[in-house]
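One structure below.
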Amino acid sequence: MNVLLVFAHPEPRSLTGALRDVAVAELTAQGHRVRLSDLYAQGWKAQVDRADFPVLEPEERLMVAAASGRAFAAGALTADVRAEQEKLRWADAVLFQFPLWWFGMPAILKGWVERVYAYGFGYGVGEHSDRRWGDRYGEGTLAGKRAMLLVTAGGWAEHYGPRGINGPIDDLLFPIQHGVLFYPGFTVLPPYVLYRADRLDAAGFAAAAAHLRERMRTLETTAPIAFRRQNGGDYTIPAMQLRPGLEAPGATGFALHRTER
Ligand code: FAD
């Protein structure tokens with residue numbers, strides 16, 4: 001497989017950096033081709049602004065989605081964004097690796113999503129009408145590709161358990177896994193999450209690395225998270241409501257959008 005690893009940590013000698021090296025070595029040993037987007041090393045520009053849209057006239061008001069769509073259609077997005085889109089097209093699987101910062105991804109990675117997922121590429125894809133609300137949530141530009149998060153977190157696994165004070169990890173990662181990944185079409189694998197990362201000793205690192213190697217060996221075969229496809233009949237159109245009776249007994253909130261019972 002062609003594997004793209006999008007890496008968001010400012011320090012190459014970090015724990016996250018050491019785990020990246022473990023992942024890349026294992027993927028390479030398995031015969032996969034690996035490319036890296038090292039966002040800090042690349043000096044990735046995180047904010048969306050006028051400079052992203054050279055097609056815009058100086059006096060024109062910036063409307064981001066409209067400008068993004070025009071620039072994408074004209075092949076006029078900036079070279080850094082086009083390069084990342086090309087890597088995404090090349091990849092069969094994409095790994096997003098980052099430390100959990102304030103219950104989400106570091107700003108530089110959020111900025112990568114905001115800039116690389118242009119209108120017409122990450123969103124605004126497919127027919128939008130009363131009969132169809134676009135190609136998204138299971139369909140779209142990135143359909144057929146696998147995606148997976150590699151996350152380190154300072155908190156304990158229990159803090160992220162069903163009754164843990166931070167909220168369940170599946171809920172915290174839902175906006176990324178369902179919103180950022182499933183929305184443009186990715187098949188989303190369960191995440192690799194390393195808890196209590198700040199206090200990791202050598203034995204802990206060895207165990208974490210072994211687990212990560214196993215996840216890399218099974219990248220092609222791991223069963224994905226069973227998110228419901230938008231256009232698979234489970235939702236009303238155009239209100240996009242889950243049809244009654246499809247959910248597991250007692251399921252509410254984010255859990256409604258998974259098919260497991
Ligand atoms: P590092 O700081 O690089 O290393 C962590 C430990 O791993 C060190 O003790 C290091 O010695 C050890 N280690 C063991 N083996 C190795 C090796 N081979 N190479 C390198 N180091 C090794 N946590 C949460 O749970 N929720 C949050 O919302 C959250 N928000 C945060 C917000 C900010 C701004 C910051 C700075 C931290 C936050 N944290 C949070 C904690 C954060 O998730 C962890 O600090 C981070 O995941 C640790 O990963 P790292 O790569 O930065 O580790």
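The values are calculated or read from the model by the stated rules, or taken from the named source; none is laboratory data. From a predicted model like this one, the values you see are computed outputs, not experimental measurements. A quick note on method: Cβ atoms are made from the backbone with ideal geometry, for glycine too, and the neighbour counts reach across all protein chains shown. Heavy atoms of the whole protein, side chains included, go into the accessibility calculation; ligands, DNA and RNA do not. Shrake-Rupley method; radii C 1.70, N 1.55, O 1.52, S 1.80 Å.
Values as computed for the structure displayed
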quantity: Any hit, region 107-123, residues being open to solvent by 30 Å² or more (accessible area, probe 1.4 Å), within 20 Å of Gln47 (Cα to Cα), of a type in the set (A, V, I, L, M, F, W, C) and in a strand (DSSP E or B); calculated: no
quantity: Test: residue in region 12-22 that is within 30 Å of Leu200 (Cα to Cα), touching a residue at least 12 places away in the same chain (Cβ under 8 Å), within 15 Å of the ligand (Cβ to nearest atom) and touching a Phe, Trp or Tyr at 6+ places or on another chain (Cβ under 6 Å); calculated: yes
quantity: Residue list for region 1-58, filter: among the basic types (Lys, Arg) and either outside any loop (DSSP other than H, G, I, E, B) or touching a strand residue (DSSP E or B) at 6+ places or on another chain (Cβ under 8 Å) (or both); calculated: Arg20, Arg33, Arg35, Arg50
quantity: Looking only at region 51-88, and only at residues there that are free of Cβ contacts under 8 Å to residues at least 24 places away in the same chain and within 23 Å of His178 (Cα to Cα), the one that is farthest from the ligand (Cβ to nearest atom); calculated: Glu86
quantity: Any pair with Cβ under 8 angstrom, 6 or more apart, that starts in region 193-213 at a residue that is without any contact (Cβ under 8 Å) to a residue 60 or more places away in the chain and ends at one that is open to solvent by 60 Å² or more (accessible area, probe 1.4 Å) and near the ligand (Cβ under 10 Å from one of its atoms); calculated: Tyr195/Trp156; Tyr195/His159; Arg196/Trp156; Gly204/Arg196
quantity: Single residue of Gly232, Gly185, Gly167 found to be away from the ligand (no atom under 16 Å from the Cβ) and at positive phi; calculated: Gly185
